[in-house]
Structures are given as C-alpha cells and as structure tokens.
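Engineer: Here it is, the structure, as structure tokens.
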Amino acid sequence: MLLDKIQFEEKHKDRTSFWATDCEKPLFDLYHSWMGTKPTNPIEVQTLFMFEVGKMVELALVNKLQEVGELKKFDNDEQQRIEMEREGVPISGYIDAIKTDGTPVEIKTYYGTYQDKDLENGIARTSYLKQLAVYMDFLDVNSGTLIYVERGTGKSFEFILTREGTIFTCNDISFDMMEVYKRWAKLYTENVLPKVEIKSEYRYKIPVEDVDWKSIPKHKVSKARNGGLVIGDHPWAVQYSDYKNLLIEKEGTTLGYTDEELVKINELTKGYTSSSWK
C-alpha cells in the first residue's frame, strides 16, 4: 500500500513531565512511558496518518479564526507551550489556540457519525475536557472552549468549560482536577521516581468464572462465545494501549480466549438468547 511507504517519526521522547493529554491515560501505560519502555503495540501507520490529517484540519481552522480576529496569533505561529507544577509533579503541553479574551481553545477532529448522538446531547469526552482544564489552570482563567470538527463534512460542535476553584463543569459533566493531579503525584512518587513497576488497574481478561454474564449485553455475549471479544475491566484502556501485549504478559493470561475458556463460556452462557436469561 502507498501509505506503507510513508515514514512517521513516533514521538516516544524521554519523559520529563506529565502531559496534558495524560489525564485519563492508564497508570500502567504512564509508568512504562516514563521508564522509556519500548511499546509492544506501536501505533499503525494508517492511524498516524489519520492523526496528521486531523492536525491539518485543526491548523486550517485556527488560521481562519485568526484571520477573522477571534483568536490571538502566537509568536512564530506555533502552539503555545505550557510548563507548570501541581502537587509536586511537572506538567507540560501545547495549547491549540487562545481567544482574544485570553481563554484557551482545544480542537479535536473525528470522522463518521458514531459520536454525533453524544455531541448533539452536549456530552464531550472527559479526557478532552480535562486536557482543556490543564490549559485553563495554567492560564489562570475560568473559561475554555472545546471544538469538535468532523473531518469529512466540516460539521462542528462547541463546548464551554467553566471553572470554580478546582471544579470544572461542562453541561452535565463535572470533575475535580485535583483528583487528576493527586493521581499523577501518587504514581510519580511511589512508582516513577523509585522505578517500581505498577500493576495495571485494568484487567485485559476477567476470569470467565468471575464474569457476571447476565449483566453483559447479549451481542457481546455472542461475540465472546465465538472468541471475537474478550471481557475485561475497561472497554478501551487495554485494547488501545501501546503496551497491551506487555500488560497481558504481566497479567499471566493469553491474547484472546483459549479453547478451554471458550468451552467454559459456552457452558456458563447456555440459553443466553432466551427470554428467561436475566
């Protein structure tokens, strides 16, 4: 494929700080990123290319909003870097844009309609809101703007995040950034500095006997019975981890279900399609 000819420089730089994008990243991933562990599941070239396309869309939007006077122009036309310390840990990041009133703007792109229902109902990803909250904290402002742009159509959604002390609110979503900073601080002091590996807070595979199968949606039960889905603690934390294979190794399990596990699952979920399955 032509995309296979494109070379991208993966940004696995030596860590000197937590990044604003780390707010909801699993602790296992953060620890190994700090330690410089080589990813066992690096990002595929197609995904890296998608990220580059997203960046171009974001830059085009920023340039247009700067032209009409809605956004400030940064020196040398680059994103503004932030560096600060909270709860004894260093934090850094890059702000996409700043409004003329001094409040930050974070821009995210997506493709397709799978997020539209949430966005139309005023629900933004908390990881994006927390990233924006870091920038608001750095700038010491009480408002920030998160913009979603659909890459194919240009359809956009805008969310306003407000702040009172350490509490940040966007529509029905509210969180305390102090919890984020303390979570990082605990990892930093107890694991990163002494180089003590942390156990993953999420399991890739819950032992099949421990799964509450009747609480699992039937379509997921069907996939699990056929080996197409593994039931774990989190829908994406392990699946999209740069260290997925390492986590599975540390967990002492295997990728996917074994034949023995599939037999057990089919026994435990016998009759799952019937109306009496509750």
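The values are calculated or read from the model by the stated rules, or taken from the named source; none is laboratory data. Predicted model only: the values in this text are computed from it and were never measured. Heads up, the Cβs are rebuilt from the backbone with ideal geometry, glycines too, and the neighbour counts pull from every protein chain shown.
Engineer: Tell me, which residue of segment 219-239 that is of a type in the set (D, E, K, R) and over 22 Å from residue 33 (Cβ atoms) is surrounded by the most Cβ atoms within 10 Å (Cβ to Cβ)? Lay out the reasoning, then the answer.
Structural biologist: First, pick out the residues of segment 219-239 that are of a type in the set (D, E, K, R): 220, 223, 225, 233.
With the extra rule that they be over 22 Å from residue 33 (Cβ atoms), the set shrinks to 220, 223, 225.
On the way: 220: 14, 223: 15, 225: 18.
Going through the qualifying residues, I end up with 225.
Engineer: Report, by residue number, each residue of segment 179-218 that is among the hydrophobic types (A, V, I, L, M, F, W, C) and loosely packed, with under 14 Cβ neighbours inside 10 Å. Working first, answer last.
Structural biologist: Let us first name the residues in segment 179-218 that are among the hydrophobic types (A, V, I, L, M, F, W, C), namely 180, 184-185, 187, 192-193, 196, 198, 206, 208, 211, 213, 216.
If the condition is that a residue be among the hydrophobic types (A, V, I, L, M, F, W, C) and loosely packed, with under 14 Cβ neighbours inside 10 Å, then 193, 196 are the ones that fit.
Engineer: Working carefully through the options 242, 176, find the one that is surrounded by 12 or more Cβ atoms within 10 Å (Cβ to Cβ), acidic (Asp, Glu) and touching a helix residue (DSSP H, G or I) at 6+ places or on another chain (Cβ under 7 Å). Break it down into steps so the answer makes sense when it comes.
Structural biologist: Working: 176 fails: touching a helix residue (DSSP H, G or I) at 6+ places or on another chain (Cβ under 7 Å).
After applying the criteria, what remains is 242.
Engineer: Just to verify a result, which residue in segment 34-82, among those that are of a type in the set (Lys, Arg) and part of a helix (DSSP H, G or I), is nearest to residue 99 (Cα to Cα)? I'd like the intermediate steps shown before the answer.
Structural biologist: At the first step, the residues of segment 34-82 found to be of a type in the set (Lys, Arg) are 38, 55, 64, 72-73, 81.
In the following step, the residues that additionally are part of a helix (DSSP H, G or I) were identified as 55, 64.
Working: 55: 19, 64: 13 Å.
Step by step, filter segment 34-82, then rank; the result is 64.
Engineer: Considering (1) assigned to a loop (DSSP other than H, G, I, E, B); (2) of a type in the set (D, E, K, R); (3) in the same structural domain as residue 17 (by TED's automatic domain parsing), say which one residue 199 fails and leave the rest.
Structural biologist: (3)
Engineer: Let me ask you something else. Pick out the one residue from 27, 59 that is in contact (Cβ under 8 Å) with a residue 40 or more places away in the chain, at negative phi and not basic (Lys, Arg).
Structural biologist: On the way: 59 fails: in contact (Cβ under 8 Å) with a residue 40 or more places away in the chain.
27 is the lone residue from the list that is in contact (Cβ under 8 Å) with a residue 40 or more places away in the chain, at negative phi and not basic (Lys, Arg).
Engineer: Sticking with this structure for a sec: Could you list, in sequence order, all residues of segment 50-89 that are exposed (fewer than 14 other Cβ atoms within 10 Å of the Cβ) and of a type in the set (Phe, Trp, Tyr)?
Structural biologist: Passing the criteria: only 51.
Engineer: Please verify whether segment 109-128 includes one or more residues that are among the aliphatic types (A, V, I, L, M) and exposed (fewer than 15 other Cβ atoms within 10 Å of the Cβ). Steps first, please.
Structural biologist: At the first step, the residues of segment 109-128 found to be among the aliphatic types (A, V, I, L, M) are 119, 123-124.
If we keep only those that are exposed (fewer than 15 other Cβ atoms within 10 Å of the Cβ) too, we end up with none.
Within segment 109-128, none of the residues are among the aliphatic types (A, V, I, L, M) and exposed (fewer than 15 other Cβ atoms within 10 Å of the Cβ).
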